[in-house]
Amino acid sequence: MAEPDKQYTGDGSDNYLQAAKKTVEAIKQIGQAGAEKAASAGAEAVSTAAASSVQAAAESGAASVAGTAAGAAVAGPVGAAIAAAWAFRHTLYKVLVTVCLVLLFIIIMVVSLPSIVANNIFHTDPNSVDASGLTDLTAIYDEMADVVAGCVTAAYDAAKTEVHRIITDGGYNYDLSNAATVDEGGVSAEYDICYILAAYSASMGQKGTTKEDLKNKLDAVADRMFAVSYTVSEKIVTRSSGEEGKPPVNVTLEYCVCTIHPFDSSVILTAFGIDPDAPYGEFKQRTGDVIDYMALALKRTLYGGAAGGQVPPITDAELAAYLNNLTCSPARKQIMSAALSLVGRVPYFWGGKSAAGWNEDWNTPKLVTATGDHTSGTLQPYGLDCSGFTDWVYKTALGAGLPGGSESQWYASTAITEADLLPGDLGFMEEPSPNSVNHELIYAGRDSGGNMLWVHCEGGSGVIMSSPSYVKYFRRVKGVDLDGAAATPANGG
């Protein structure tokens, strides 16, 4: 379960929020549109001042290149500037750059956070402030996340009800139809709560947002969130004739193969009437880009980093194409389908475990309670650790979870050679040892260049597919039929 040490930015919101409140009154006095323009100009000026200070010091050799690189790895250009500032030998540079960056953060945060979560704190739109509402950003986000998750869950449940209706209304054999149902909705929940809140707020021009309106608009497109399709098939079964002395008879049973498709993220734009290519308000910015920026601002304000993984998610079309190119058993393909469905969607979380199917808590701020890591005791976007990921994949795909952490999963598997590797087998960085840092991965085949591909949940990146060179040990899970003709997936709902 252990991972190489990674650096995180932590919570990063409370102190800034208190400071930001003090700037709100001045911003409100010039109006929202004026505030955005002022913030844009202010941000440019402050950024220029900070950049000039960093550049001057860097050119004089005063800043640590390693420190700057580390900052960039954690928080992009702002992180690099902060890291560089505190590597300077002269206090003046530290103070100047840090003050500039704090001002920049405050100005941008106030005007870029989605109003559905920020207005009750900053009162940038006084007419829609809920006087009895929450005033803590994390609490407001949790409340709005519950609203979104409730709408999506209701839509998913409606899709399952539609499957039941298709089976019963069509008179199809219920047991065969139920067993043949393909549920892609529970595993591939392709929605981002921060993005939805940002899209809704942007569609309203950051004014007049309410959770009731948000819910009504999401409910209006609920029937399009999880599409359901089906095909009809037949199976010949042998049954007793029911008469003594007569041989069994063959009976043809008709059943349907229903598919609950993954969440259709395009319905979000439909729900809020958004054209992502249209200009946003009076500004020369594409609406889609503004929404992405607002979503990122919310994620960074909540817990100092972007939610989900740090790589683009694999689309359903890409996933289908990848699985079609694999030469392995249906059970192993189900393992790969579950594993790849989380790429770019679930972050790394020390000690993170989960039941089968999509977990609504993923990507929401949670306290790291497991000890032994530098993130212990900090607020991080919830996700999985490396062994939590392999366990989730196996029980989601096959209904057979793996025990404990990476050490327990090592002993629940048996050694194989590299030549024996098949998709779904496990890889380890080290043998179990009290003093070793270990990491666990799932083999996914080879790329066009012959490099081994592994799907794993990596510290700082989340669930990714890559070709790491550190995998030394190859193992196969015991007691699970990985090469059978059929598998029994867990209920993803």
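The values are calculated or read from the model by the stated rules, or taken from the named source; none is laboratory data. What you see is a predicted model, and the numbers here were worked out from it, not measured in a lab. FYI the Cβ positions are ideal-geometry reconstructions off the backbone, even for glycines, and counts take in every protein chain you see.
A few remarks follow.
- Just so you know, in the range 158-173 the residues that are touching a residue at least 24 places away in the same chain (Cβ under 8 Å), in a helix (DSSP H, G or I) and not aliphatic (A, V, I, L, M) include one that is surrounded by the fewest Cβ atoms within 10 Å (Cβ to Cβ), and it is 162.
- Annotation note: of 373, 391, the sole residue that is under 19 Å from the mean Cα position of the chain (by Cα) and farther than 20 Å from residue 149 by Cα is 391.
- Consider the range 213-247 and keep the residues that are assigned to a loop (DSSP other than H, G, I, E, B) and modelled with pLDDT of 90 or more. The one that is surrounded by the fewest Cβ atoms within 10 Å (Cβ to Cβ) is 220.
- The listed residue being among the β-branched types (Val, Ile, Thr) and touching a strand residue (DSSP E or B) at 6+ places or on another chain (Cβ under 8 Å), out of 166, 121, 140, 116: 166
- Scanning the range 443-460 for residues that are touching a strand residue (DSSP E or B) at 6+ places or on another chain (Cβ under 9 Å) and farther than 19 Å from residue 349 by Cβ returns 443, 444, 445, 446, 447, 452, 453, 454.
- So residue 461, is it at pLDDT below 90, surrounded by fewer than 16 Cβ atoms within 10 Å (Cβ to Cβ) and of a type outside the set (A, V, I, L, M, F, W, C): no
- Any hit, the range 419-433, residues being modelled with pLDDT of 90 or more and hydroxyl-bearing (Ser, Thr, Tyr): no
- Residue 440 farther than 26 Å from residue 197 by Cβ, free of Cβ contacts under 8 Å to residues at least 60 places away in the same chain and touching a strand residue (DSSP E or B) at 6+ places or on another chain (Cβ under 7 Å): no
- Odd one out for residue 207, checked against (1) surrounded by 13 or more Cβ atoms within 10 Å (Cβ to Cβ); (2) farther than 12 Å from residue 114 by Cα: (2)
- Residue within the range 136-146 that is within 28 Å of the chain's Cα centre (by Cα), outside any helix (DSSP H, G or I) and either surrounded by fewer than 19 Cβ atoms within 10 Å (Cβ to Cβ) or among the β-branched types (Val, Ile, Thr) (or both) present: yes
- The range 439-477, subset hydroxyl-bearing (Ser, Thr, Tyr) and assigned to a strand (DSSP E or B), residue farthest from residue 352 (Cα to Cα): 473
- Verdict on residue 253 being in a helix (DSSP H, G or I) and of a type in the set (A, V, I, L, M): no
- Residue under evaluation residue 404, criteria (1) closer than 25 Å to residue 350 by Cβ; (2) in a strand (DSSP E or B); (3) not aromatic (Phe, Trp, Tyr), criterion not met: (2)
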